[in-house]
1. With a Förster radius of 30 Å, plug the Cβ-Cβ distance of LEU136 and VAL89 into 1/(1 + (r/R0)^6) and report the FRET value to the nearest 0.05.
2. Stretched out fully, how many nm does the piece from VAL96 to ARG68 gain, at 0.36 nm a residue minus the Cα gap?
3. Please order VAL116, VAL43 by the number of other Cβ within 10 Å, starting at the fewest.
4. I'd like to compare 48-57, 23-32: which one has the highest average count of other Cβ atoms within 10 Å, and what's the full order after that?
5. With the convex hull built on the Cα atoms of region 34-106, state its orientation-averaged projected area in nm².
6. For region 34-106, what relative contact order do you get, as a whole percent, if you take Cα pairs closer than 8 Å and at least 6 residues apart?
7. FRET efficiency for GLU49 and LEU4, Cβ-Cβ distance as r, R0 = 41 Å, nearest 0.05?
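No value in this document is a laboratory result; all are computed from the given coordinates. Treat the numbers as computed from the prediction; the structure is a model and nothing was measured. Cβ: placed from backbone, ideal geometry, glycine included. Neighbour counts: every protein chain shown.
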Amino acid sequence: MVALTSRETELWRVWTSAAEIVRARVADDIARATGLSGPDFGVLSRMAELGGGRLRQNELAASMGWHRSRLSHHLTRMARRGLVVRVEVDGGVDVVATDRGDELHAAARPVHAEAVRRHLLDAIPPELRDDMRELLGRLADPGAGDPVGSAEGLVREGGNGHAEGDQAEGRVVDGRRPVSPARANGGHLPRSATADGDL
């Protein structure tokens, strides 16, 4: 199997690094303002959006992209903090947000929105956002298009339609140092989400 070129490696590392940094910054803003962690906010958001504050536990796990055991452990921690309760019903378990959970989620929503704008959207020129959204959508849902061809185009052409050699321009990110979202822009598109469903 052919190894990644230096340009391909740089794209992969900038992509993953930017995604991790942006998500961490958004989660930190929410935690400072409300005390909710990223996973707490993700659980409460999906319950509010998909079930009006009450959702079957297996449906919640599917929406988060989590294994049921992981969700169960996290819900136990949230219940201890008074954010949710679990109610046994015919055929399963419903997860219900408490008044405290609802209040903290309501307080966190504008913080989340502002953090996403500041740490992600402000770094992406408006004229590139539709193209970025389309590309990320195809990568997230392989059945929706041809993500392989699109990804290769970005890797081998640097996202600007001009073929480049194997050597990347500028430094090669080592994956351990922070990379700003602005650095990740300009043909190196950061992921907006990982496999985890928080945030």
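1. Calculated value: 0.25.
2. On the way: separation 28, 0.36 × 28 = 10.08 nm, distance 1.65 nm.
So the chain would gain 8.4 nm between VAL96 and ARG68.
3. Values: VAL116 18, VAL43 29.
Starting with the residue having the fewest Cβ neighbours, the order is VAL116, VAL43.
4. Details: 48-57: 16.0, 23-32: 17.5.
The densest-packed peptide leads the list: 23-32, 48-57.
5. Details: hull surface 17.4 nm².
That works out to 4.3 nm².
6. Values: 76 pairs, mean separation 25.4, N = 73.
Over region 34-106, the number comes to 35 percent.
7. On the way: r = 38 Å, r/R0 = 0.92.
Efficiency for this residue pair is about 0.60.
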